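Undergrad: This is the structure I want to talk about, given as structure tokens.
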Amino acid sequence: MTSILKTENVHLYYGDKEALHGFDMEFEENQITALIGPSGCGKSTYLRCLNRMNDLRNNTTVTGSFKLGDQDIYAPTTDMTELRKEIGMVFQQPNPFPFSVYDNVAYGLRIAGVKDKKVLDEIVETSLKQAAIWDEVKDDLNKNALSFSGGQQQRICIARVLAVKPKIILMDEPTSALDPISSAKIEDTLLELKKDFTIIIVTHNMQQASRIADKTAFMLNGDLIEYDKTSKMFLNPDKQETSDYLNGQFG
């Protein structure tokens, strides 16, 4: 397997408080990696390091090495718009912009300077199909994205990320605000998407991690406890803390 993203010795501080204690992780192309662990263990904090979303928070210091292929994510010359195009993000709460489905999905393309209507039409349709929402919205592309259900909004947001053709998609609990049927649709969508994209997902849902993730990382109190193939983690973890967490002893 080819490693697409590699982090070494990642520490993150909020002021003087150390929130991440030296994470070493590699992510392979066309795989889904799940980050699991109790609330406050550092999952979302680490995820946000990968496309420098933590830069938007005051008094936050990140150290360590982050490599997207040969590119140093934290190099001073890194173009943030370009980085967040290559490493897209889907948040916990669906956050479509308050305009049409079409304009939501075309948004990043237009910012990148794409003006050709035919090109926009094609990419909007392809992205909505990839996000498994095309059949539900194809007759309503001019309708405000906020008028759809939460599950549909989340898939519109996924399509918006896909439209700019990222290498990696970060997902911060993308189904936690959704009902079980919508969640299942998004899980099915992710399994399809990994053919073309690398996905890193934070989830509180153990069953979800076991269903969709190729590899799983277990975090606790800002430490990376264990990182392995999902089947091994769930059936035969190396660490007692992992076993205790997966068996519902805490968290």
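The values are calculated or read from the model by the stated rules, or taken from the named source; none is laboratory data. Every value quoted in this text rests on a predicted model; they were computed, and no experiment measured them. Cβ sites come from the backbone with ideal geometry, for glycine too, and all protein chains shown count toward neighbours.
Undergrad: Output the residues belonging to the range 1-13 that are in a strand (DSSP E or B) and modelled with pLDDT under 95.
TA: Of the residues in the range 1-13, the ones in a strand (DSSP E or B) are 3-13.
Answer for the range 1-13, where residues must be in a strand (DSSP E or B) and modelled with pLDDT under 95: just SER3.
Undergrad: Which residue out of LYS195, LYS165 is of a type in the set (Lys, Arg) and farther than 21 Å from ARG52 by Cβ?
TA: LYS195
Undergrad: What number of residues in the range 154-192 are over 11 Å from the mean Cα position of the chain (by Cα), surrounded by fewer than 23 Cβ atoms within 10 Å (Cβ to Cβ), outside any loop (DSSP other than H, G, I, E, B) and not hydrophobic (A, V, I, L, M, F, W, C)?
TA: 8
Undergrad: I've got another one for you. Can you tell me which residue among PRO76, PRO98 is assigned to a loop (DSSP other than H, G, I, E, B), farther than 24 Å from SER44 by Cα and either over 21 Å from the mean Cα position of the chain (by Cα) or polar (S, T, N, Q) (or both)? Break it down stepwise before answering.
TA: On the way: PRO76 fails: farther than 24 Å from SER44 by Cα.
The conditions single out PRO98.
Undergrad: While we're on this one: Considering only residues that are in contact with a Gly (Cβ under 9 Å, 6 or more places away or on another chain), assigned to a helix (DSSP H, G or I) and aromatic (Phe, Trp, Tyr), which ones fall in the range 203-251?
TA: Scanning the range 203-251 gives a single hit, TYR245.
Undergrad: Does the range 124-147 include one or more residues that are in a helix (DSSP H, G or I), within 20 Å of THR189 (Cβ to Cβ) and in contact with a strand residue (DSSP E or B) (Cβ under 9 Å, 6 or more places away or on another chain)?
TA: So in the range 124-147, the residues in a helix (DSSP H, G or I) come out as 124-130, 134-137, 145-147.
Applying the additional criterion that residues be within 20 Å of THR189 (Cβ to Cβ) yields 124-130, 134-137, 145.
Still in the running and in contact with a strand residue (DSSP E or B) (Cβ under 9 Å, 6 or more places away or on another chain): 145.
Taking every residue of the range 124-147 in turn, at least one turns out to be in a helix (DSSP H, G or I), within 20 Å of THR189 (Cβ to Cβ) and in contact with a strand residue (DSSP E or B) (Cβ under 9 Å, 6 or more places away or on another chain).
Undergrad: Suppose we filter GLU82, GLU8 for residues that are without any contact (Cβ under 8 Å) to a residue 60 or more places away in the chain and within 20 Å of LYS229 (Cα to Cα); which single one remains?
TA: Working: GLU82 fails: within 20 Å of LYS229 (Cα to Cα).
When all the criteria are applied, what remains is GLU8.
Undergrad: State the number of residues belonging to the range 33-62 that are at positive phi and either under 17 Å from the mean Cα position of the chain (by Cα) or among the β-branched types (Val, Ile, Thr) (or both). Reasoning before the result, please.
TA: Keep residues of the range 33-62 that are at positive phi, which gives 37, 40, 42, 52, 59.
Checking which are either under 17 Å from the mean Cα position of the chain (by Cα) or among the β-branched types (Val, Ile, Thr) (or both) leaves us with 37, 42, 52.
Residues in the range 33-62 being at positive phi and either under 17 Å from the mean Cα position of the chain (by Cα) or among the β-branched types (Val, Ile, Thr) (or both): 3 in total.
Undergrad: Cβ-Cβ under 7 Å, sequence separation 6+ or interchain: first residue in the range 107-126 and within 17 Å of ALA145 (Cα to Cα), partner of a type in the set (Phe, Trp, Tyr) and modelled with pLDDT of 95 or more. Which pairs?
TA: Short answer, once both residue conditions are applied: TYR107/PHE97; VAL124/TYR102; GLU125/TRP134.
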